[in-house]
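Let me begin by presenting the structure, written as structure tokens, before commenting on it.
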Amino acid sequence: MANFKRKYPLSRLRRLRSNKSIRDLVAENKLSVDDLIQPIFVKESIKEKEEIESLVGIFRHSEKSILKEIEELVSLGIKAVAIFPVIDEDKKNEKGSEAVNENNFLNNVIKTIKQNFPEILVIADVALDPYTTHGHDGVINSDGDVDNDETLKILEDQALKLALAGTDIIAPSDMMDGRVGVIRKALEEKGFKNTMILAYSAKYSSKFYGPFKEAVESAKFFGNKTKDSYQMAVANIDEALHEVALDINEGADIVMVKPGMPYLDVVKAVKEKFQMPTFVYQVSGEYAMLKAAIEKNWLSEEVIFESLLSFKRAGADCILTYAAKEIAKNL
Ligand code: PBG
């Protein structure tokens, strides 16, 4: 703040706003395709892709259509995708056992993607919610709560199977205590030295995940329960820094804040405090909200770009967003 003594008219801030060229030259933040990661849903036993009602322009892909989608993303310069499976109901159970099947649907899809597009980075969640009949991210104990340490054993196995399938970036999204350490140790021991961990570190117990539950068809399993006993309380920010510190010490390569727009203060605090690669997830409800207002002509399409640039301004290095493809086309 060196020039704080300057006054109008010597200082006219509008000079640097007077045309697009100068505005571009002095822009403090820019959005590029290297900042964008596309989340993709892939569903077992469908032949054609199906649109997700609450996520305009986003589909549940079939094993086949996901390859076409990835081809398009690669051609647009997108470098990473986060793949979320929609699992057949008859494969779900209380323990989410299908998650640790080496040849489960997701692992097979990942193998095919990496065979066809070795250059795209595949991110996959570690959490049991796609596989459990109750829709929680872990297994339930006799008190009816998600059992931390029992869940860790399963998550470790799930992570190893994902790494074996060729997943480049393992993303624990389950919020169990100690999971990053357990997964890192297992990866090291089994020779997956370059498998990266993107920790959903500050993951809030948010209502903004609603459309995601429709997308992965877990809404009816989950009902109106909450994940409050493991995901973070929305009131807290010191706790987010504590979570991030633990995940870094346990071996995370990248940390993440989720949701995005309602938590820009957290993104900024995490980046400033730790100077770690920091990603942010613009979640399903944020995208749905923007798209709904755009569809009604209450907002113009540019709000999406504006929302993404706000993440850069807050300090995020990279953004998971359902709008990655459409924005990449316009950049
Ligand atoms: C699974 C998971 C969720 C999301 C990403 N991974 C849902 C949840 O935790 O309830 C939400 C993503 C979104 O809303 O776009 N643990």
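Details
- Elements of type helices (runs of 4 or more DSSP H) in the range 232-331, at least 1 residues being within 15 Å of the ligand (Cβ to nearest atom) and not basic (Lys, Arg): 238-249, 284-295, 302-314, 324-330
- Figure legend. Inter-residue proximity from the range 320-331: first residues farther than 10 Å from LEU76 by Cα, second residues modelled with pLDDT of 95 or more and of a type in the set (Asp, Glu), beta-carbon distance below 6 Å, spacing 6+ or different chains. No pairs are indicated.
- Considering (1) away from the ligand (no atom under 11 Å from the Cβ); (2) touching a Lys or Arg at 6+ places or on another chain (Cβ under 8 Å); (3) under 20 Å from VAL270 (Cα atoms), the lone condition that PRO172 does not fulfil carries the number (1).
- The single residue among LEU152, LEU162, LEU106 that is at pLDDT 95 or above and either assigned to a loop (DSSP other than H, G, I, E, B) or surrounded by fewer than 23 Cβ atoms within 10 Å (Cβ to Cβ) (or both) turns out to be LEU152.
- Scanning the range 214-225 for residues that are in a helix (DSSP H, G or I) and either more than 18 Å from ILE140 (Cβ to Cβ) or more than 10 Å from the ligand (Cβ to nearest atom) (or both) returns GLU214, ALA215, ALA219, LYS220, PHE221.
Per-residue answers, yes or no, for (1) more than 29 Å from ILE83 (Cβ to Cβ); (2) at pLDDT 95 or above; (3) surrounded by 12 or more Cβ atoms within 10 Å (Cβ to Cβ); (4) in contact with a strand residue (DSSP E or B) (Cβ under 9 Å, 6 or more places away or on another chain):
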{"site": "ARG15", "(1), (2), (3), (4)": "yes, yes, no, no"}
{"site": "ILE22", "(1), (2), (3), (4)": "yes, yes, yes, no"}
{"site": "LEU31", "(1), (2), (3), (4)": "no, yes, yes, yes"}
{"site": "VAL42", "(1), (2), (3), (4)": "no, yes, yes, yes"}
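- Tallying residues that are touching a residue at least 60 places away in the same chain (Cβ under 8 Å) and either closer than 22 Å to SER201 by Cβ or among the charged types (D, E, K, R) (or both) within the range 212-231 yields 9.
- As for the range 13-28, it holds at least one residue that is out of contact with any Ser or Thr (no Cβ under 9 Å at 6 or more places or on another chain), of a type outside the set (A, V, I, L, M) and touching a residue at least 40 places away in the same chain (Cβ under 8 Å).
- Number of residues in the range 286-306 that are surrounded by fewer than 16 Cβ atoms within 10 Å (Cβ to Cβ) and among the β-branched types (Val, Ile, Thr) equals 1.
- Candidate set: the range 181-208, residues that are within 12 Å of the ligand (Cβ to nearest atom) and surrounded by fewer than 21 Cβ atoms within 10 Å (Cβ to Cβ); chosen: the one farthest from LYS153 (Cα to Cα): LYS207
- The range 178-206, residues that are outside any helix (DSSP H, G or I) and touching a residue at least 60 places away in the same chain (Cβ under 8 Å): GLY178, LEU198, TYR200, SER201, ALA202, SER206
- Hey, ILE254 closer than 30 Å to GLY178 by Cβ and in contact with a Ser or Thr (Cβ under 8 Å, 6 or more places away or on another chain) or not: yes
- Comparison of VAL266, VAL280, VAL234 shows that the only residue that is more than 23 Å from ASP317 (Cβ to Cβ) and either surrounded by 18 or more Cβ atoms within 10 Å (Cβ to Cβ) or without any contact (Cβ under 8 Å) to a residue 60 or more places away in the chain (or both) is VAL234.
The values are calculated or read from the model by the stated rules, or taken from the named source; none is laboratory data. What you see is a predicted model; the values in this text were computed from it and never measured. Because the Cβ atoms are built from the backbone with ideal geometry, glycine has one as well, and the counts that use them run over all protein chains shown.
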